Amino acid sequence: MKTTHNFNAGPCVLPKEALKAGIEALQDFNNTGMSVIEISHRSKDWEAVMNECRSLWKELLHIPDNYEVLFLGGGASLQFCMVPMNLLNNKAVYLETGVWAKKALKEAKAFGEVVTAASSAESTYNHIPKGYAVPSDADYFHITTNNTIYGTEIHTDMDCPVPLVADMSSDIMSRPVDVSKYALIYGGAQKNVGPAGVTFVIIRKDIPGKVSRPIPSMLNYQTHIEGESMFNTPPVFPIYIMTQTLKWLRNLGGLEAIQRINREKADLLYGEIDRNPLFRGTAAKEDRSLMNVCFVMSPGRESLESEFMDFAKSRGMVGIKGHRSVGGFRASIYNACPKESVQALVTCMQDFEKTHK
Ligand SMILES: *Cc1c(COP(=O)(O)O)cnc(C)c1O
């Protein structure tokens, strides 16, 4: 197979071990003579996968007993409306740190008053706003912990006077998280924990049931808590691959270990961006994401952009084009992106510099 360094932002690189287990389970699952996608989701064999997946989530993130982990469909985008539908009585507060945050905020407006605590839109979301206040009469405060498009990240679990809701689509399982500080955490799996098609929701059990509006069964968190994510047929194959991805993570040493590796990878790449006179990082240094590294050509060297893109491509780099709203480059270096790939990109930048002194 050809050597590719996969820096795609999502869907993105997954551990080889998880993919291999997926292939095997498609051929013959648990000696059933059938594949994992051909058996009943009510069977004992499948129930065991669901239980293993749930317990891996609880173990890796040290999720307290008064929380449930749900595996749903619809992507993080469906959570943009499910959160306000289930939680918003009067007023919700949002931190606008990027396009995903803005989309979440927009959906909430259909359900009540929405206040923007702060926004970094005017500086193309190149930093995380600080020093804002969260009104204590809000039903919840919504944050996006990692801004996939702009390469900024909230690195710590904040104290919040009202229930804290976080979209962790692109940095879940990249570091230890104090789940007890959050009322609800959600995200699409396809950035760090699995393939597209399954959405994770970690929800404190007392959170649903406080709004008076009628909620359709499928959009009601309570339904899925009671049904243990099996109210309807769950996305079985994505859940299977997610389970294998989490097993890989546990074998690696869990979240402390992956955080150390993620820091090493990010330091390596940001170090080169800061050293190499041809390139410049776009995110404020203190808010730099460990997952999505955004950079552009230095002032005066912008004309080299497409040349560097071709140079990198010829060396097997895939997915480093920046999001269309930002331009430049973005290397997504999620959990499963090997350090060798990051090193290959750094070497590529150094070699490009040598030919453009
Ligand atoms: C990718 C992404 C989304 C959208 O996820 P879908 O599963 O495609 O709906 C939402 N929020 C963040 C932070 C993302 O990175």
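The values are calculated or read from the model by the stated rules, or taken from the named source; none is laboratory data. Predicted model, so just to flag it, every value in this text is computed and none were measured. In this analysis, Cβ positions are derived from the backbone assuming ideal geometry, glycine residues included, and neighbour counts consider all displayed protein chains. Quick note on the areas: whole protein, heavy atoms, side chains included, nothing else; ligands and nucleic acids left out. Shrake-Rupley method; radii C 1.70, N 1.55, O 1.52, S 1.80 Å.
Structure summary
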{"read-out": "Rough spin-label spacing in nm, given labels placed 7 Å along Cα→Cβ, for H356 and D178", "value": "4.4 nm"}
{"read-out": "Members of K109/K130; K130/K339; K58/K321; K103/K191 lying beyond 27 Å, as alpha-carbon distances in this model show", "value": "K130/K339; K58/K321"}
{"read-out": "The stretch 1-70: GluC sites (Glu not before Pro) falling in loop per DSSP and having at most 11 other Cβ within 10 Å", "value": "E38"}
{"read-out": "Sites matching trypsin sites (Lys or Arg not before Pro) across the stretch 201-299 that sit in DSSP coil, with at most 12 neighbouring C-beta atoms within 10 Å", "value": "K210"}
{"read-out": "Length released on extending from T124 to I215, taking residue separation times 0.36 nm less the Cα-Cα span", "value": "29.2 nm"}
{"read-out": "All aspartates and glutamates inside 13 Å of K285 as judged from Cα atoms, apart from same-chain residues fewer than 8 positions distant", "value": "E153, D267, D274"}
{"read-out": "Under Karplus coefficients 6.51, -1.76 and 1.60, residue-wise ³J(HN,Hα) of the stretch 281-287 in Hz, glycine/proline x", "value": "x, 9, 8, 4, 3, 5, 10"}
{"read-out": "Sparsely packed trypsin sites (Lys or Arg not before Pro) within the stretch 1-105, loop by DSSP, other Cβ within 10 Å at most 14", "value": "K2, R42"}
{"read-out": "Residue order for S55, S332 - accessible surface, 1.4 angstrom probe, largest first", "value": "S55, S332"}
{"read-out": "For the stretch 151-261: rounded, prolate or oblate by the Cα gyration tensor [a/c cutoff 1.5]", "value": "oblate"}
{"read-out": "For the stretch 287-357, projected area of the alpha-carbon convex hull averaged over all directions, nm²", "value": "5.3 nm²"}
{"read-out": "Highest-fluctuation residue, D65, D178, D267 considered, GNM on the chain with Cα pairs under 10 Å", "value": "D65"}
{"read-out": "Under-5 Å amide H pairs with M34, H placed in peptide plane, nonlocal only", "value": "F29"}
{"read-out": "Full-stretch length increase - D45, F231 - with 0.36 nm per residue and alpha-carbon distance subtracted", "value": "65.2 nm"}
{"read-out": "Backbone HN-Hα couplings from phi across the stretch 209-225 [Karplus 6.51/-1.76/1.60, Hz, Gly and Pro as x]", "value": "x, 9, 10, 8, 5, x, 10, x, 3, 5, 9, 9, 4, 4, 4, 7, 5"}
{"read-out": "Amide N of the stretch 320-357 lying under 13 Å from the label point, which is placed 7 angstrom from the Cα of E305 along Cα→Cβ", "value": "321-330"}
{"read-out": "Residue-level accessible surface for V99, protein heavy atoms, 1.4 Å, Å²", "value": "40 Å²"}
{"read-out": "K339-T116 pseudo-label distance in nm [points 7 Å out on the Cα-to-Cβ vector]", "value": "4.1 nm"}
{"read-out": "CD proxy at 222 nm, helix term only [per DSSP H run n ≥ 4: -39500 (n - 2.57); per residue of the chain; nearest 500]", "value": "-11000 deg cm²/dmol"}
{"read-out": "Sequence-distant residues sharing a close amide H with T152 (under 5 Å, placed H)", "value": "N147, S289"}
{"read-out": "Order of exposure, largest accessible area first, which applies to W46, W248 with probe 1.4 Å", "value": "W248, W46"}
{"read-out": "Å² per residue, accessible surface of the stretch 16-252 at 1.4 Å", "value": "41 Å²"}
{"read-out": "Carbon + sulfur, % of accessible area of the chain - ligands and nucleic acids excluded, 1.4 Å", "value": "51 percent"}
{"read-out": "Part-to-part distance (alpha-carbon centres) for the stretch 1-79 and the stretch 293-319, which is given in Å", "value": "35 Å"}
{"read-out": "Long-range tail of P(r) for the chain (Cα pairs > 38 Å, %)", "value": "19 percent"}
{"read-out": "³J(HN,Hα) computed for each position of the stretch 292-306 - Karplus, 6.51 cos²θ - 1.76 cosθ + 1.60, integer Hz, glycine/proline x", "value": "10, 9, 9, 8, 10, 6, 5, x, x, 10, 4, 5, 7, 4, 6"}
{"read-out": "In nm, spacing of pseudo-spin labels at K205 and S325 (7 Å Cα→C-beta vector)", "value": "3.8 nm"}
{"read-out": "Amide H within-cut-off set for K321, under 5 Å, with H built and near neighbours excluded", "value": "R330"}
